[in-house]
Amino acid sequence: MIISIIGAGNMGGAVARGILKSTSAHTVRISNPSTAKLDALRREFPQLLTTTDNREAVSGADLIILAVKPWLIAQVIAEISDALSYERQVIASLAGGVSLNDIDALLPRPANSPAPTLCHIMPNTAIALGSSMTFIATLRSTPALDETLLRLFAPMGKTMLITEEQMPAATSLASCGIAFALRYIRAAMEGGVELGFRPAEAQRIVCQTLQGAIDLLAQEGAHPEAEIDKVTTPGGLTIRGLNAMEAAGFTTSVQQGLRASLK
Ligand SMILES: NC(=O)c1ccc[n+]([C@@H]2O[C@H](COP(=O)([O-])OP(=O)(O)OC[C@H]3O[C@@H](n4cnc5c(N)ncnc54)[C@H](OP(=O)(O)O)[C@@H]3O)[C@@H](O)[C@H]2O)c1
């Protein structure tokens with residue numbers, strides 16, 4: 001498959017790296033208006049094809065991944081649209097807050113041309129480390145194409161096929177969610193410093209504790225509340241801490257934050 005990525009920034013670069021590290025089965029092209037990021041990627045992956053011309057990038061590609069900022073999607077589509085072939089190309093977008101229907105409305109429909117096959121891909125910043133939670137929603141796809149897309153992104157973390165209607169909730173939970181998780185870590189670190197640890201020690205302690213919690217949940221059938229029950233001795237310290245956090249609105253705050261981050 002020939003994969004063309006438009007935009008070599010954080011996300012476009014991470015997707016190119018993720019694909020090229022995991023397989024040599026695909027030809028990957030990437031375009032960007034300035035050359036510094038393209039040159040850096042080429043030094044890492046000499047087989048990567050780079051260009052500053054978006055129309056050249058999409059010509060003959062099987063999968064086109066738009067990895068520009070949301071407000072540039074319309075401009076890039078206008079630039080490449082007459083070089084697209086809906087018969088053979090799948091058009092994917094990483095843009096947050098730009099739905100499949102938005103992309104569909106931006107793409108012109110030449111006479112006798114089939115409607116385009118579209119894909120919305122939503123990774124999070126951990127994609128750079130191969131640890132993303134990546135959601136994929138498609139329009140006019142087939143089960144075989146859905147499977148191909150899931151397999152393409154699987155080496156970059158965990159992938160999940162969802163509907164476009166679920167995309168805002170998925171974005172809140174996993175893309176904004178990275179920031180929410182980091183904010184918990186920062187809060188716990190600051191608490192740890194108040195209790196007497198140096199910031200670097202507190203960070204190491206909090207991160208390993210979170211890692212342990214994640215490992216516990218990775219056990220088959222594990223549920224957070226069941227693991228919490230194991231720590232909460234009746235009348236003990238942990239339940240006092242949990243109840244104090246709940247009295248300060250912990251669960252409500254997290255859920256309000258998730259709802260506030262919906263489009
Ligand atoms: N960051 C996240 O957590 C996250 C998560 C999921 C999805 N996304 C989505 O991913 C997309 C890209 O975000 P990002 O964080 O990768 O942004 P970014 O680092 O700013 O990258 C965007 C890239 O697009 C290039 N570009 C600008 N105009 C272009 C054009 N006309 N044609 C081709 N390339 C062009 C920019 O080049 P110059 O720098 O040379 O201008 C830049 O390298 C956004 O739509 C965002 O919503 C981001």
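The values are calculated or read from the model by the stated rules, or taken from the named source; none is laboratory data. Quick caveat, the model's predicted, so the values are computed rather than measured. Note that each Cβ is placed from the backbone with ideal geometry, even for glycine, and that neighbours are counted across all protein chains shown. Only protein heavy atoms, including side chains, enter the accessible area calculation; ligands, DNA and RNA are left aside. Shrake-Rupley method; radii C 1.70, N 1.55, O 1.52, S 1.80 Å.
Would you mind telling me which numbered condition in (1) touching a residue at least 12 places away in the same chain (Cβ under 8 Å); (2) open to solvent by 70 Å² or more (accessible area, probe 1.4 Å); (3) part of a helix (DSSP H, G or I) residue 211 fails?
Here residue 211 meets the rest and fails (1).
What pairs come up if the first residue lies in region 94-122 and is hydroxyl-bearing (Ser, Thr, Tyr), the second is within 16 Å of the ligand (Cβ to nearest atom) and at pLDDT 95 or above, and their beta carbons are under 8 Å apart, counting only those six or more places apart or on different chains?
Close Cβ pairs (under 8 Å, with a partner that is within 16 Å of the ligand (Cβ to nearest atom) and at pLDDT 95 or above) amount to 99/120; 99/164; 99/167; 117/91.
Give me the residue from region 49-78 that is assigned to a strand (DSSP E or B) and of a type in the set (A, V, I, L, M) and, out of that set, surrounded by the fewest Cβ atoms within 10 Å (Cβ to Cβ).
Per the criteria, the residue is 49.
Do we have any residue at all in region 156-166 that's in contact (Cβ under 8 Å) with a residue 40 or more places away in the chain, within 28 Å of residue 96 (Cβ to Cβ) and surrounded by 13 or more Cβ atoms within 10 Å (Cβ to Cβ)?
Yes.
What residue, among those in region 1-12 that are surrounded by fewer than 23 Cβ atoms within 10 Å (Cβ to Cβ) and under 22 Å from residue 132 (Cα atoms), is nearest to the ligand (Cβ to nearest atom)?
That would be 9.
If you go through region 36-84, how many residues are in contact with an Asp or Glu (Cβ under 6 Å, 6 or more places away or on another chain) and among the basic types (Lys, Arg)?
Adding up the residues that qualify gives 0.
Filter region 14-48 for residues that are surrounded by fewer than 16 Cβ atoms within 10 Å (Cβ to Cβ) and either among the aliphatic types (A, V, I, L, M) or within 14 Å of the ligand (Cβ to nearest atom) (or both); which is nearest to residue 121 (Cα to Cα)?
Taking the candidates together, the pick is 25.
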